[in-house]
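Visitor: Before we start, here is the structure in question, set down as structure tokens.
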Amino acid sequence: MRILRFTPPTGSNLGSDPLFGILEDNSTIRLVNGDPLYSGIQLREERIPLESVRILAPVIPRSKVVCVGKNYADHAAEMEGEVPKEPIIFLKPNTSVIGPNDIINWPIQSERVDHEAELAIVISRICKDVPKERYKDVIFGYTIANDVTARDIQKGDGQWTRSKSFDTFCPLGPWIDTEFLPAKQRITAEVAGEIKQNAHLDEMVFDIPTIINFITSAMTLLPGDVILTGTPAGIGPVIPGKEVKIAIEGLGELTNRVSARG
């Protein structure tokens with residue numbers, strides 16, 4: 001099941017507030033009541049064409065985005081680091097989240113802004129100390145993420161918070177897929193039509209059960225929290241005015257345009 005969050009068509013009788021729906025036949029949205037993350041799937045009779053709406057980020061975390069660093073060996077190597085012995089985690093604020101086709105704003109403070117293709121997990125309920133064998137119990141579904149990073153600021157600061165936290169630096173979407181099962185699917189990043197990252201999800205150093213167990217051993221996760229599972233090798237600069245497309249086989253594509261340099 002693919003769950004979308006969207007702005008209704010202009011002039012419709014659906015109002016102007018964001019709504020949720022289920023994607024049917026890749027071209028039609030069937031509306032649901034409320035937010036399925038909190039109220040379950042309550043189907044409505046109304047259906048509207050997918051092409052008539054503006055798709056938004058499928059979730060705006062009420063709390064946090066937790067990210068895993070250096071979770072692909074080839075990426076750790078290109079960052080001149082070793083594969084970590086346990087997951088490295090950091091946070092992005094929920095104010096960094098944008099949706100498909102939204103603009104990534106190039107901050108005035110930075111000379112280099114990079115793309116990072118990632119699989120994202122959406123958490124379904126309050127959870128702490130989740131055993132590895134029960135990781136599926138706390139997953140609502142999966143979506144696609146771009147962990148946009150001001151690389152020069154990251155190097156200059158000596159830590160990652162500011163470089164990862166600018167507004168618009170966490171594109172998510174286009175939907176939450178509740179049936180997607182991560183395995184050997186291909187993950188890519190494309191800049192101005194040229195593939196820059198190309199790997200498979202099973203190349204992660206730490207798998208999803210390990211990631212969830214490790215994070216929840218340190219902090220409580222809340223419904224709607226998002227986990228970014230790491231990026232493969234091939235990170236590099238985006239191009240002002242050009243598109244960045246992150247794709248995961250079987251899950252979809254997330255495209256955003258980059259603004260002019262700040």
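Visitor: From the list 72, 142, which residue is among the aromatic types (Phe, Trp, Tyr), closer than 16 Å to residue 221 by Cα and in contact with a strand residue (DSSP E or B) (Cβ under 8 Å, 6 or more places away or on another chain)?
Guide: Result: 142 is the single residue among 72, 142 that is among the aromatic types (Phe, Trp, Tyr), closer than 16 Å to residue 221 by Cα and in contact with a strand residue (DSSP E or B) (Cβ under 8 Å, 6 or more places away or on another chain).
Visitor: May I pose another question? Does the stretch 130-148 contain any residue that is in the same structural domain as residue 210 (by TED's automatic domain parsing), part of a loop (DSSP other than H, G, I, E, B), in contact (Cβ under 8 Å) with a residue 60 or more places away in the chain and surrounded by fewer than 19 Cβ atoms within 10 Å (Cβ to Cβ)?
Guide: Yes; the residues of the stretch 130-148 include at least one that is in the same structural domain as residue 210 (by TED's automatic domain parsing), part of a loop (DSSP other than H, G, I, E, B), in contact (Cβ under 8 Å) with a residue 60 or more places away in the chain and surrounded by fewer than 19 Cβ atoms within 10 Å (Cβ to Cβ).
Visitor: Continuing with the same structure: Name the residue that is farthest from residue 76 (Cα to Cα), counting only residues in the stretch 182-213 that are hydrophobic (A, V, I, L, M, F, W, C) and surrounded by fewer than 17 Cβ atoms within 10 Å (Cβ to Cβ).
Guide: 192
Visitor: Right, another one. Inside the stretch 149-259, counting only helices (runs of 4 or more DSSP H) that do not spill past its ends, which hold 3 or more residues that are closer than 22 Å to residue 113 by Cα and free of Cβ contacts under 8 Å to residues at least 24 places away in the same chain?
Guide: The helices (runs of 4 or more DSSP H) meeting that bar are 151-157.
Visitor: Just to be sure, is residue 41 assigned by TED's automatic domain parsing to the domain that holds residue 127, among the hydrophobic types (A, V, I, L, M, F, W, C) and without any contact (Cβ under 8 Å) to a residue 60 or more places away in the chain?
Guide: No; evaluated as a whole, the condition is false for this residue.
Visitor: Right, here's the next one. Do any strands (runs of 3 or more DSSP E) entirely within the stretch 1-108 hold 1 or more residues that are crowded, with 16+ Cβ neighbours inside 10 Å and within 18 Å of the chain's Cα centre (by Cα), and if so, which? Let's see the steps before the verdict.
Guide: Details: elements: 2-7, 19-24, 28-32, 43-49, 65-69, 88-92.
Qualifying strands (runs of 3 or more DSSP E): 2-7, 19-24, 65-69, 88-92.
The values are calculated or read from the model by the stated rules, or taken from the named source; none is laboratory data. A quick note: this is a predicted structure, and the numbers were derived from the prediction, not measured. Note that we place each Cβ from the backbone using ideal geometry, even for glycine, and neighbour counts take in every protein chain shown.
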